[in-house]
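Worksheet: one structure, shown below.
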Amino acid sequence: MVLEENGMPVLFAARLKVVDRTITEIETIVVRSQAESMLFAPATLTAPSAGMTYRPTPSERMPRDQMVAVAERYPAGLRAGSFAAVDARFAPDAYRFENGVRMAGPGCTFQPPSCENMGAQRIPTLPDVKQRVLAVDEDAGVVLFWLAFGRGSLPGAAFEGKGLVTFEAFKVYGGTIHAAEAVFKGLPLNASSGWD
């Protein structure tokens with residue numbers, strides 16, 4: 001979500017835990033600039049994407065545990081340095097947005113044309129990726145992860161000692177990942193989310 005803070009756009013993602021109609025946990029990521037995250041394109045996020053708002057038909061829906069298992073192949077692929085090596089399954093038109101930048105799928109901007117096929121895209125090997133399932137919506141076909149990518153995930157001197165931390169939503173139905181949309185920022189390596 002794009003919000004305004006002191007007249008400037010910020011990227012905002014939140015997780016709320018509700019127990020007995022009471023908020024018991026709040027977890028947020030706020031990204032204010034490219035200097036915090038390497039990628040920052042809030043101007044491209046003018047409306048919800050069609051891929052994430054699509055409602056799977058009853059025959060396309062999957063049980064929660066199967067949805068999580070399909071989505072978990074994504075961080076497993078990052079650890080292995082290859083989505084193909086872990087048999088991550090992507091729809092032919094699967095895409096990935098990161099902080100508003102289309103990094104994979106048709107129309108991608110990261111090393112085209114190699115990024116157009118998300119499953120075959122060249123990715124770094126990030127053996128330290130940590131994950132936590134935040135939410136699963138079987139009707140909407142969405143699995144939300146908290147991911148900490150670890151060392152090597154943010155190149156350059158400006159990000160020394162930092163790694164990507166993200167809320168990453170996966171659109172999962174019909175046995176495949178159709179979309180991944182993330183809000184992330186660089187945070188100190190091994191920093192706790194407070195909810196680990």
*Looking at region 2-188, send over the antiparallel percent of its DSSP beta bridges, to the nearest 5.*
90
*Placed amide H near Phe90: partners under 5 Å, 5+ positions off or other chain*: Ile177
*Is any residue of region 31-46 close enough, with backbone N under 20 Å, to a label point placed 7 angstrom from the Cα of Ala157 along the Cα-Cβ axis, and if so, which?*
34-39
_Span from the region 160-175 Cα centroid across to the region 27-41 one, whole angstrom_ = 14
*asked:* For Arg55, Arg32, which order do you get if you count the other beta carbons within 10 Å of each Cβ and list the fewest first?
replied: Arg55, Arg32
*Rounded to the nearest 0.05, what FRET efficiency do Asp20 and Ala135 have when you use their Cβ-Cβ distance and R0 = 22 Å?*
0.80
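Just so you know, all these numbers are worked out from the coordinates, no wet-lab data involved. Since the model is a prediction, treat every value here as computed from it, not as a measurement. Every residue, glycine as well, gets a Cβ built from its backbone with ideal geometry; the counts of neighbours run over all protein chains shown.
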